[in-house]
1. Please list 3J(HN,Hα) in residue order for the stretch 342-347, calculated via the Karplus relation 6.51 cos²θ - 1.76 cosθ + 1.60 where θ = phi - 60°; whole Hz, with x for glycine and proline.
2. In Å², what does the accessible area per residue of the chain work out to with a 1.4 Å probe?
3. With a 1.4 Å probe and all protein chains left in place, how much of the accessible area of the chain comes from carbon and sulfur atoms, in whole percent?
4. Name the helices (complete DSSP H segments) of the chain with a Cα length along the long axis of 27 Å or more and a Kyte-Doolittle mean of at least 1.0, or state none.
5. Let me confirm the definition first: pairs of Lys residues in the chain, 8 or more apart or on different chains, C-alpha distance under 15 Å. How many are there?
6. Could you pull out every residue, at least 5 positions away or on a different chain, whose amide H is within less than 5 Å of the one on M234? Hs are placed 1.01 Å off N in the peptide plane, and Pro or chain starts have none.
7. Among T231, T44, T314, which one shows the biggest mean-square fluctuation in a GNM of the chain, springs joining Cα atoms closer than 10 Å?
8. Around R423, which amide H atoms from residues at least 5 apart in sequence, or from another chain, sit under 5 Å from its own amide H, with H modelled in the peptide plane?
Amino acid sequence: MTLRKFAGLGALLSIVMPGIAMAADEAAAPVLNSGDTAWMLTSTALVLFMTIPGLALFYGGMVRSKNILSVLMQCFAITGLISILWVIYGYSIAFDTTGMEQGVVNFNSFFGGMGKAFLAGVTPSSITGPAALFPEAVFITFQMTFAIITPALIVGAFAERMKFSAMLIFMGVWFTLVYAPIAHMVWSGNGGLMWDWGVLDFAGGTVVHINAGIAGLVACLVLGKRKGFPTTPMAPHNLGYTLMGAAMLWVGWFGFNAGSAAAANGTAGMAMLVTQIATAAAALGWMFAEWVTHGKPSALGIASGVVAGLVAITPAAGTVGPMGALVIGLAAGVVCFFCATTLKRKLGYDDSLDAFGVHGIGGILGAILTGVFAAPALGGFGTVTDIGAQVWIQIKGVGFTVIYTAIVTFIILKVLDAVMGLRVTEEEESVGLDLAQHNERGYNL
């Protein structure tokens with residue numbers, strides 16, 4: 001009788017235990033969240049929309065008519081080039097955490113491993129995210145769109161004078177040696193240099209805007225001024241394109257900032273709200289600063305103010321509150337206006353479309369003010385308890401990025417100039433890059 005009971009119990013356990021083990025495995029396995037996935041898919045499309053057509057039109061309208069196709073072509077070519085480099089090795093350099101350890105500074109604090117090269121191991125079932133809630137393929141594509149727009153922003157600094165072939169090689173090398181490592185240092189997690197410092201950069205103030213702005217300033221200095229600058233009028237040929245591009249950037253930026261929450265949650269909602277507030281405030285700040293200074297508000301001015309506000313709120317979008325966003329936006333509009341006009345005139349550099357004046361300065365301002373307004377004491381939602389200490393961390397992150405980007409960008413450009421030349425001839429510049437570099441015209445009358 002006893003043996004029969006044990007035999008029956010054994011049979012029951014043989015049936016029940018596998019089911020219990022299976023249930024435990026299912027409970028432990030990450031489960032894809034369809035809502036988060038849908039939001040990240042949408043955000044990814046919005047960020048790509050920022051470059052093509054948003055940035056392409058924003059920049060394209062500001063150049064002279066003989067160069068519009070060159071700017072559009074550069075934005076499209078960069079989109080293709082960086083997409084391929086990202087999947088071959090860029091994603092791995094930026095986000096592979098092999099060899100990283102919190103508090104330990106080593107090679108992998110600056111440069112990710114190659115374990116994800118050629119997207120090794122990525123399948124339709126690969127899941128990632130803060131709580132492992134959406135496909136890794138979506139995260140890869142989302143971050144790819146950030147990698148695309150950053151070098152595309154640099155185009156605005158050297159527009160109308162760089163050879164297309166030199167531009168392509170420069171962007172590929174710059175992406176490899178500057179963008180991907182900076183992204184790794186800031187965003188890769190424990191063991192990343194600036195991550196361990198505690199630098200706050202929610203959506204790319206350091207990684208994208210300071211990075212691109214400083215690279216743009218170095219590029220325009222190395223290439224030199226456009227023929228006839230500043231005595232020859234070089235007015236934008238189609239401000240309608242520029243305003244449409246700015247509008248596309250404004251809309252797309254919700255994917256940029258709110259999408260950086262990597263979930264459809266309260267952080268994404270607040271990021272969306274503060275992005276709108278800061279952008280509106282910066283647009284008005286630039287408009288009124290120009291109105292007071294020059295006597296009339298301009299369409300180019302308000303479009304530039306929009307972008308300045310979007311740039312400045314980017315590092316802060318996940319941690320500041322509405323009133324902090326208002327201050328950041330107003331400051332960005334006014335400060336970027338004076339840097340893109342008065343400062344540029346005094347220093348005499350030819351930053352064609354104000355890549356440094358808007359993205360570099362706006363990114364620096366936003367990164368530093370993030371340390372102030374992320375504090376709950378000032379309405380923020382971060383964990384900042386010592387504002388002075390956090391501001392110093394932010395300044396340290398800004399300083400490192402400025403120095404690293406400036407030095408490496410300068411070296412890349414000087415080597416390329418020695419090997420193949422960076423600039424078109426004077427004759428080609430006079431004819432325009434559309435004909436000289438692409439044998440096409442933007443307008444055939």
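1. 4, 5, 5, 5, 5, 7
2. On the way: 17960 Å² over 445 residues.
I get 40 Å² per residue for this part.
3. Numbers: 12640 of 17960 Å².
Its accessible area is 70 percent carbon and sulfur atoms.
4. Qualifying helices, which must be both long enough and hydrophobic enough, are 2-28, 136-158, 239-258, 387-419.
5. 7
6. none
7. In this elastic network of the chain, the residue with the biggest mean-square fluctuation among T231, T44, T314 is T231.
8. K163
The values are calculated or read from the model by the stated rules, or taken from the named source; none is laboratory data. Please read all numbers here as calculations on a predicted model, not as lab measurements. The area values use the complete protein model at the heavy-atom level, side chains included, leaving out ligands, DNA and RNA. Shrake-Rupley method; radii C 1.70, N 1.55, O 1.52, S 1.80 Å.
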